[in-house]
Amino acid sequence: MKQIMFKIITALLVIATLLPLAACAPQAKSYTIGVVSPAASMEPVLQGFKEGMAEKGFVEGENVTYIYNGPLGADAATLEAEVQSFVDAKVDLILALATPGTVAAQKVTAGTGVPVVFTPISDPLGAGFVDARGLLLDTAAKLGVEVITPEVANADEIPAVIAAMPEDIDAIFCMSDSMILSKVADFVAAGNERKIPVTAVSRPHVEAGTLMGFGSEFITVGKQTAGLAAQILNGADPATLPVEESEYFLFLNQKTADLLGITLTDEALKAAAGIIR
């Protein structure tokens, strides 16, 4: 029976804050957006967000100012302090990147009326951001695939998880989580040693040696998120905005396939948005 380790549901979501937006009356001519991020891997998301905002008329240096102090790591207290500084500065909107940033933003902004847009989220159900359940376990059961999902609290625990992987697993899936993806090279090394494929969620991970990546392009995700932010700054009530899921793209690594003795079918090659040779 096949076993895999991780699965991701990448969603773009909006926190509906408890109090009315202060900016719902006269619209300001300029805006301030605070950005909280735990990891450098989220930089493409911010880049795409800024590009998307500019396309919608919110141009950095003209009518938008971004407060961004770089990736802060996953320490909850540090992230919460950053979000609190945004609240104190009375920003018009907060962009929270990845699950740690979003958890901090959700906690600190509760009851403040400060709208938060967050993305990408690897496990919106488990993190408590949405009530809907992904279809992973049901789909796996129908296909006869056993799914094991060990959890880690921090990056230091990842080597132990890799070492404890069952000997008979057939594949490893690295979820779209900044902490997990920071160690993608370690998963690739383990997969190559066992001659099993490692898959992840975007082109950079395929370039790093995973067999395939099927997931969101972070710049595209950022641009899509900008659409939600623009609506809010234009006066939309966050509570009325729908949950959005980002578009997925397939990337393949021919070198890794050759190393593992795996033949990539013509159908798969044609479906790929990019092939690393």
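With respect to VAL108, is the statement that it is farther than 28 Å from GLY215 by Cβ, out of contact with any Leu (no Cβ under 6 Å at 6 or more places or on another chain), open to solvent by 10 Å² or more (accessible area, probe 1.4 Å) and of a type in the set (A, V, I, L, M) true? Can you show your working first?
On the way: farther than 28 Å from GLY215 by Cβ: yes; out of contact with any Leu (no Cβ under 6 Å at 6 or more places or on another chain): yes; open to solvent by 10 Å² or more (accessible area, probe 1.4 Å): yes; of a type in the set (A, V, I, L, M): yes.
When the stated conditions are applied, VAL108 passes them.
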- prompt: Only one of (1) touching a Phe, Trp or Tyr at 6+ places or on another chain (Cβ under 7 Å); (2) surrounded by 20 or more Cβ atoms within 10 Å (Cβ to Cβ) is not met by PRO197, so which one is it?
  reply: (1)
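Looking at PHE218, PHE214 in this structure, which one is at pLDDT below 95, of a type in the set (Phe, Trp, Tyr) and open to solvent by 50 Å² or more (accessible area, probe 1.4 Å)? Can you show your working first?
Working: PHE218 fails: open to solvent by 50 Å² or more (accessible area, probe 1.4 Å).
Exactly one residue qualifies, and that residue is PHE214.
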statement: By residue number, the members of region 162-191 that are farther than 17 Å from SER202 by Cβ and of a type in the set (A, V, I, L, M, F, W, C) are ILE162, ALA163, ALA164, MET165, ILE169, ALA171, ALA189, ALA190
message: Looking only at region 264-277, filter to residues that are touching a helix residue (DSSP H, G or I) at 6+ places or on another chain (Cβ under 7 Å) and not in a strand (DSSP E or B); which one of those is most open to solvent (accessible area, probe 1.4 Å)?
response: ARG277
message: Between VAL45, VAL87, VAL103, which is among the hydrophobic types (A, V, I, L, M, F, W, C), farther than 16 Å from LEU233 by Cβ and over 18 Å from the mean Cα position of the chain (by Cα)?
response: VAL87
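Out of curiosity, is ALA257 assigned to a helix (DSSP H, G or I) and modelled with pLDDT of 95 or more?
Numbers: assigned to a helix (DSSP H, G or I): yes; modelled with pLDDT of 95 or more: yes.
Yes.
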Answer residue from region 224-247, given it is in a loop (DSSP other than H, G, I, E, B) and without any contact (Cβ under 8 Å) to a residue 60 or more places away in the chain and is nearest to LYS56 (Cα to Cα) among those: ALA236
- prompt: Which members of region 204-227 meet the condition of being among the hydrophobic types (A, V, I, L, M, F, W, C) and within 14 Å of LEU97 (Cβ to Cβ)?
  reply: PHE218, ILE219, VAL221, ALA226
- request: Exactly one condition in (1) surrounded by 22 or more Cβ atoms within 10 Å (Cβ to Cβ); (2) acidic (Asp, Glu); (3) modelled with pLDDT of 90 or more is not met by ASP177; state its number.
  value: (3)
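This table checks each residue for (1) buried (at least 16 other Cβ atoms within 10 Å of the Cβ); (2) within 15 Å of the chain's Cα centre (by Cα); (3) part of a helix (DSSP H, G or I); (4) at pLDDT below 95.
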position	(1), (2), (3), (4)
LYS7	yes, yes, no, yes
LYS29	no, no, no, yes
ILE33	yes, no, no, no
PRO38	yes, yes, no, yes
GLY70	no, no, no, no
ALA81	no, no, yes, no
ILE94	yes, no, no, no
query: Taking region 197-223, which residues are in contact with a helix residue (DSSP H, G or I) (Cβ under 8 Å, 6 or more places away or on another chain), part of a loop (DSSP other than H, G, I, E, B) and polar (S, T, N, Q)?
result: SER202, THR210
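Taking the stated definitions as given, is GLU157 open to solvent by 60 Å² or more (accessible area, probe 1.4 Å) and out of contact with any helix residue (DSSP H, G or I) (no Cβ under 9 Å at 6 or more places or on another chain)? Before the answer, list the steps.
Working: open to solvent by 60 Å² or more (accessible area, probe 1.4 Å): yes; out of contact with any helix residue (DSSP H, G or I) (no Cβ under 9 Å at 6 or more places or on another chain): yes.
Judged against the criteria, GLU157 is a match.
The values are calculated or read from the model by the stated rules, or taken from the named source; none is laboratory data. Everything numeric in this text was worked out from a predicted model, so none of it was measured. No Cβ is skipped: glycine too gets one built from the backbone with ideal geometry, and neighbour counts run over all protein chains shown. What goes into the accessible areas is simple: the full protein's heavy atoms, side chains included, and nothing from ligands, DNA or RNA. Shrake-Rupley method; radii C 1.70, N 1.55, O 1.52, S 1.80 Å.
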